[in-house]
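One structure is given here, and the rest of the page talks about it.
The values are calculated or read from the model by the stated rules, or taken from the named source; none is laboratory data. None of these values were measured; they are calculated from a predicted model. Here the Cβ positions follow ideal geometry from the backbone for every residue, glycine too, while neighbour counts run over all protein chains shown.
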Amino acid sequence: MSKSSTTYAEFEQIRDSLLKKIVKYCRDNIDLNDEMLLQDLVKETRQQFDKLEVLYKGSVPEGSSVKKRLKRKDRLLRKEHVGRYFLRLMEHQLREAGIPQSLIPVFANSIHYLAGEENIGMWTDKINRLMDYGGKKGADYDAILDSKPGKMISQEIMSVYKKEIEKSPGFAKKMKNNLDEALVKAINPDVDGDVDIEAAVEKAYNEFVKRLS
């Protein structure tokens, strides 16, 4: 059997597995809204999509436009990993405090304009090694996040974040502007009605800062 036919057979197998998982998850979680369902599905299907990327990388010639797009996506995924590790220690508390889902990524992404590329690169390497190790052991994404090494990375990121805030006098204004922008985009007047944007942003910001201490 040729390499291309083997690759396509593997693709079909992963595709079918993904579709079955998505259908089953949607049936089992009909109480979740679309936003929460999408977020959970991203986590649940991450490993299969990673496998699909590996297959495509192996079948696409170096230097092609597809290969370049995959590399850009890899960079975005690495950024997402650092943000998620940073927010992991407080994410559940923020949700319990009633912080809108649309604002969670704003907090997670703030690590990138505070910590600097050197720190981001260092954490990315640590996270990638941990994920590779955990993946070989059969652990899913959340289990790796919540492992002892995962929590150590989260604590390290949090520690640097707090130090950088102290050196950034414009942090509060920038964060609130980003929260405001994200909330305005996410609000659906027909569903959410009248929302006090300023109050919601102030609450979200205060809840976030409180959990940094």
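Any residue at all in the range 130-147 that's modelled with pLDDT of 90 or more, over 15 Å from Leu87 (Cα atoms) and surrounded by fewer than 12 Cβ atoms within 10 Å (Cβ to Cβ)?
no
What pairs can you find where one residue is in the range 195-213 and under 13 Å from Met175 (Cα atoms), the other is of a type in the set (Phe, Trp, Tyr) and modelled with pLDDT under 95, and their Cβ atoms are less than 7 Å apart, with a gap of 6+ or different chains?
That search, which allows pairs on different chains as well, returns Phe208/Phe107.
Give the residue, chosen from Ile104, Ile120, that is surrounded by 16 or more Cβ atoms within 10 Å (Cβ to Cβ), at pLDDT 85 or above and within 20 Å of Asn177 (Cα to Cα).
Details: Ile120 fails: within 20 Å of Asn177 (Cα to Cα).
Residue meeting the stated conditions: Ile104.
Suppose the filter is assigned to a helix (DSSP H, G or I), of a type in the set (Gly, Ala, Ser) and over 18 Å from Gln93 (Cα atoms); does Ala204 pass it?
Numbers: assigned to a helix (DSSP H, G or I): yes; of a type in the set (Gly, Ala, Ser): yes; over 18 Å from Gln93 (Cα atoms): no.
Answer is no for this residue.
I want to confirm something. Restricting to the range 176-199 and keeping residues that are loosely packed, with under 13 Cβ neighbours inside 10 Å and not in a helix (DSSP H, G or I), which single residue is modelled with the highest pLDDT?
Checking each candidate, the answer is Asp196.
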